[in-house]
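Report on one structure; see the data block that follows.
The values are calculated or read from the model by the stated rules, or taken from the named source; none is laboratory data. Remember, it's a predicted structure, so these values are computed and weren't measured experimentally. Reconstructed Cβ throughout: ideal geometry from the backbone, glycine too, with neighbour counts over all protein chains shown.
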Number of protein chains: 2
Amino acid sequence: MELAGIAQRIREKHGIPVNARDVGRMLAAALASEDIWRIVDLAGLPMLATCEGLQAFAEQGWVEFGGERVRLTEAGKRVAEALGIRPAQELRCPRCGGRGLELEPFRGLAQEFARLARNRPEASQEFDQGYVTEETTVARIALAFSRGDLAGKEVLVLGDDDLVSLAAALSRLPKRVAVLDVDPRIVDFLRQTAKEERLALDVYRHDLREPLPPELLRRFDTFFCDPTESFRGYLAFAHRGISALRGPGGAGYLGLTRLEASLTKWRQIQRALLEAGAAITDLFPNFHEYVNWPYIETMRAWSHLPVKRVPGKYEPWYRSALIRIELVEEARVENVRYSGDIFTDEEAATT
Amino acid sequence: MELAGIAQRIREKHGIPVNARDVGRMLAAALASEDIWRIVDLAGLPMLATCEGLQAFAEQGWVEFGGERVRLTEAGKRVAEALGIRPAQELRCPRCGGRGLELEPFRGLAQEFARLARNRPEASQEFDQGYVTEETTVARIALAFSRGDLAGKEVLVLGDDDLVSLAAALSRLPKRVAVLDVDPRIVDFLRQTAKEERLALDVYRHDLREPLPPELLRRFDTFFCDPTESFRGYLAFAHRGISALRGPGGAGYLGLTRLEASLTKWRQIQRALLEAGAAITDLFPNFHEYVNWPYIETMRAWSHLPVKRVPGKYEPWYRSALIRIELVEEARVENVRYSGDIFTDEEAATT
């Protein structure tokens, strides 16, 4: 079958595990939109795989690349119909944006946070940055509150270009908020803002490849972390968070994309999280929406795009899932040093 | 600490794994409501554990049982304040009920489904039944549609007091819908309705403890299943579904409660699902709302309730998560026969 052949081509050329159903998802995305960023988003697959799939579609005569658009041809429509493939449709609730959360009680926090975030450092490629929308950060805080992980709790944020620590401290709900980041700009911004706003925020400059400082081990109720998405890097960051938890009942919030992580990698990551002593309690796809970063044209996936258009800053296409885990037994993780490049693998797109 | 002591008491008396944080969740629930069913729901813990926790709270003088209410005392309020525990708050989006889904495109289906479901068989304790609200069934169909698991696909429903197969067939989207149920009333109802409405629905009478008929193995794109919640029973049912999938890219939708399954059991179940070759792609807590069944007063947990009130039929308190899994490699499951009681364990409440 044609879809299976395209899947095989992608696997062989890029080493990314995709199957015939996945290629069908690319076609469903191309049925739903002519915009390359929307197609990449809707397909929900490693970005390089979707780019390769679209090239293959073009060679089959199913799509044409014209100007900035990806246009389905009559042949493409016939193939989709023959295969029973329909245009992708999200059915996202217009009130909560698909997160299921009511943010009204956090409206004041959202306004204060927006005011303080105005002067945030821009996302830097050097540190694999790219931050989520302000609404996303507030939604993360709201979810943690609703799960009992914020009020009266000690909270650690590992890597914080999203400014989660700032929003958490601004809510005045946690007993304590600590934050680690490697980027001196973020560290300075958080320290300065905390001082001006009289927020209780402990800011550490720290490279997460290094072991956690001993005074942070087993001291927290809740952690937030948006790991880099190579398998090794993901686990390194997640294990840091888990090792900071006090014990059973402690919770972690982690981001994970489909655009830089295949479901094969998701499975590996999930097995490792469970292995470490946690259960997965929540997994909301597309919880996080990203603000477009200034290095779109130098990111790895750019040269692979079949049509090239720089998206607007607030034209979201890069989204990720939010995973909440909870320790059910003593954590089984080691606090070791990682060396070398733990940031890239064959599925990487934005590094 | 007192919460840890109560957790230990629950573990020793009931063999249910709970920790101090869990007992804090019971207190947060009791801060939020005086209604026993709402407390059980909000605590989000095995029901027998919450009942035992409330008894312990009463012995400490933190709550009083009066008439049909659970009343927090001044002492209880002081303890909560000292521990930094706040009233539980769900922050559920009022439009989508916390599911994140827009159901408007399925309004016609919802109406037709409601009409046909009017004459459904009542939930029977003999078959461990208890069905979800009509809105829940439609939401499940909508989610499967949005994930590309419905239109043009072959769909299998394993056990169907929720009438998911009927809603799926009514949508006229799948290529084929098949359904297995052990209850002759359900089988007859589905067959009769399918005939009257000219729906393409293959109805099998089948006990899920028995191996799947060979003609159903590796034939489907999607399965739905709401397993019994002992670990052994859960796996038995989930494995039947997985063994019916054609291969990688195939998806399964499974229910799982917190009220009859501790997070320790969740972790065991999740490990087994990953082991079988799947990744977890979505996990929405409280996706399913149940209509109260007629055997509330004879269910196992009834005698443990500290205050007894029969809830109205449409006064939802029993909810469950929806887990979507997707196969990323060939399934590793066996299609074996199960004997004996695979339905109950120490966390069971409604059997």
Are there any pairs, at least 6 apart or on different chains, whose C-beta atoms fall under 6 Å, with the first in the range B:247-276 and farther than 17 Å from residue B:236 by Cα and the second assigned to a helix (DSSP H, G or I), and if so, which?
B:249/A:21; B:259/B:47
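Could you check the range A:16-116 for helices (runs of 4 or more DSSP H) lying wholly inside it with 3 or more residues that are under 22 Å from residue A:256 (Cβ atoms)?
Details: elements: A:20-32, A:36-43, A:47-60, A:74-83.
Where helices (runs of 4 or more DSSP H) fall fully within the range A:16-116 and carry at least 3 residues being under 22 Å from residue A:256 (Cβ atoms), they are A:20-32, A:36-43, A:47-60.
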Over the range B:210-229, the set of residues within 24 Å of residue B:246 (Cβ to Cβ) and in a loop (DSSP other than H, G, I, E, B) is B:210, B:211, B:212, B:213, B:217, B:218, B:219, B:221, B:226, B:227
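For (1) away from chain A (no Cβ under 13 Å); (2) not basic (Lys, Arg), each residue gets a yes or a no:
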| residue | (1), (2) |
| --- | --- |
| B:226 | yes, yes |
| B:236 | yes, yes |
| B:240 | yes, no |
| B:248 | no, yes |
| B:256 | no, yes |
| B:264 | no, yes |
The range A:77-96 - residue that is in contact (Cβ under 8 Å) with a residue 40 or more places away in the chain and surrounded by 20 or more Cβ atoms within 10 Å (Cβ to Cβ) and, of those, farthest from the other protein chains (Cβ to nearest Cβ)
A:80
By residue number, the members of the range A:251-283 that are among the β-branched types (Val, Ile, Thr) and over 18 Å from residue B:249 (Cβ atoms) are A:257, A:269, A:280, A:281
Determine whether the range A:101-124 contains at least one residue that is in contact with a strand residue (DSSP E or B) (Cβ under 7 Å, 6 or more places away or on another chain), within 30 Å of residue A:2 (Cα to Cα) and at the interface with chain B (Cβ under 8 Å from one of its Cβ atoms).
no
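Matching residues to (1) buried (at least 21 other Cβ atoms within 10 Å of the Cβ); (2) under 22 Å from the mean Cα position of the chain (by Cα); (3) not assigned by TED's automatic domain parsing to the domain that holds residue A:255:
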| position | (1), (2), (3) |
| --- | --- |
| A:180 | yes, yes, no |
| A:186 | yes, yes, no |
| A:191 | no, no, no |
| A:196 | no, no, no |
| A:206 | no, yes, no |
| A:209 | no, yes, no |
| A:218 | no, no, no |
| A:232 | no, yes, no |
Which residue out of A:163, A:170, A:201 is aliphatic (A, V, I, L, M) and on the phi > 0 side of the Ramachandran plot?
A:163
Hey, could you check the range B:38-76 for residues that are within 17 Å of residue B:303 (Cβ to Cβ) and not hydrophobic (A, V, I, L, M, F, W, C) and say which is surrounded by the fewest Cβ atoms within 10 Å (Cβ to Cβ)?
B:68
Do we find a residue being touching a Leu at 6+ places or on another chain (Cβ under 7 Å) and within 14 Å of chain B (Cβ to nearest Cβ) anywhere in the range A:45-66?
yes
